[in-house]
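Input: a single structure, listed below in structure tokens.
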Amino acid sequence: MSLTLTVKTDSEEEQRLKMPGTYTWQEFETLDNLLMSSGVRITYLDGAIELKTVSEAHESIKSLLRLLLETYLMMMGIEFFPVGNATRSSASKSVSFEPDESYYLFSKSHKDHPDLAIEVILSSGNIAKLEKYLRLGIPEVWFWENNTLEVYVFENNRYGLVTQSQLLPELDLNLLVQCTQMASTLEAVNTFRQQFL
């Protein structure tokens, strides 16, 4: 197999490539090792491989969501351990991916996988966005897409779309979305912090 991928660093668009065919776990691991320091993200699910670059717009939304969420957790005195986009991988479950942000909540101790994962989606083509989380049973997954936040909760071996976080039931998701869309980071944080005063 021979594949050349050109990553445009000045593009505001994320570039996605779903590789044709299916691949063994060993082939995936080889490709993953080759791409490790390239800035290209790789997802594997049931033999399908997707490569993706990350745009500045994507990182801006992700960073502001992280800042606001961590502000909330600190102001509420909730113990958390951020693990960012650490790779979640299981050869036996035929899945490997990197959430944009992820957290262990209410504890300093680690579990097999984080309690909360967040993904920012700015372009289509994502390989089975919930299926990869389902394989690992991550309790809650948030998707930012089209300036909205969708919250999915894992129950009875499936995900259900809910209107409020089950892990953080007092978090005002409407305010979180509103502040994430603000042009000024300082204004966004100050507006978000008003709920605690």
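Only the coordinates and a few stated rules stand behind these numbers; no lab work does. Just so you know, these numbers come straight off a predicted model, no measurement behind them. Note: ideal-geometry Cβ built from the backbone for every residue, glycine included; neighbour counts use all protein chains shown.
Close amide H pairs (under 5 Å, H built 1.01 Å from N) link Val83 with Ser102, Tyr103, Tyr104, residues at least 5 positions away or on another chain.
Relative to the longest principal axis of the chain, what angle (0 to 90°, nearest 10) does the C-alpha long axis of helix 56-75 take? Helix 56-75 sits roughly 40 degrees off the main axis of the chain. Is region 77-164 rounded, prolate or oblate when judged by the Cα gyration tensor, a ≥ b ≥ c being the square roots of its eigenvalues, rounded requiring a/c under 1.5 and prolate requiring a/b larger than b/c? Rounded, because the longest to shortest axis ratio a/c is under 1.5. The angle separating the long axis of helix 25-35 from the principal Cα axis of greatest extent in the chain is about 70 degrees.
I need the peptides 180-186, 57-63 ranked by packing, meaning the mean over residues of other C-beta atoms within 10 angstrom, with the highest value on top.
Working: 180-186: 12.0, 57-63: 16.4.
Ranking, from highest mean packing down: 57-63, 180-186.
What is the calculated FRET efficiency for Glu170 to Leu67, with r their C-beta to C-beta distance and R₀ = 30 Å, to the nearest 0.05?
Details: r = 19 Å, r/R0 = 0.62.
Rounded to the nearest 0.05, the efficiency is 0.95.
Summary of packing: across the peptides 152-158, 96-102, the per-residue average of other C-beta atoms within 10 Å ranks them, highest first, as 96-102, 152-158.
Computed from the Cβ-Cβ distance with R0 of 25 Å, the FRET efficiency linking Lys18 to Thr87 stands at 0.85. Projecting label points 7 angstrom from Cα along Cα→Cβ for Phe196 and Leu161 puts them 3.2 nm apart.
Whole-Hz Karplus values for region 165-173 come out as 4, 7, 6, 10, x, 8, 6, 7, 5 Hz, taken residue by residue from phi with 6.51 cos²θ - 1.76 cosθ + 1.60 and θ = phi - 60°; glycine and proline positions read x. Cross-linked pairs Lys52/Lys111; Lys52/Lys129; Lys111/Lys132; Lys18/Lys129; Lys18/Lys62: Cα-Cα separations exceed 21 Å for Lys52/Lys111; Lys18/Lys62.
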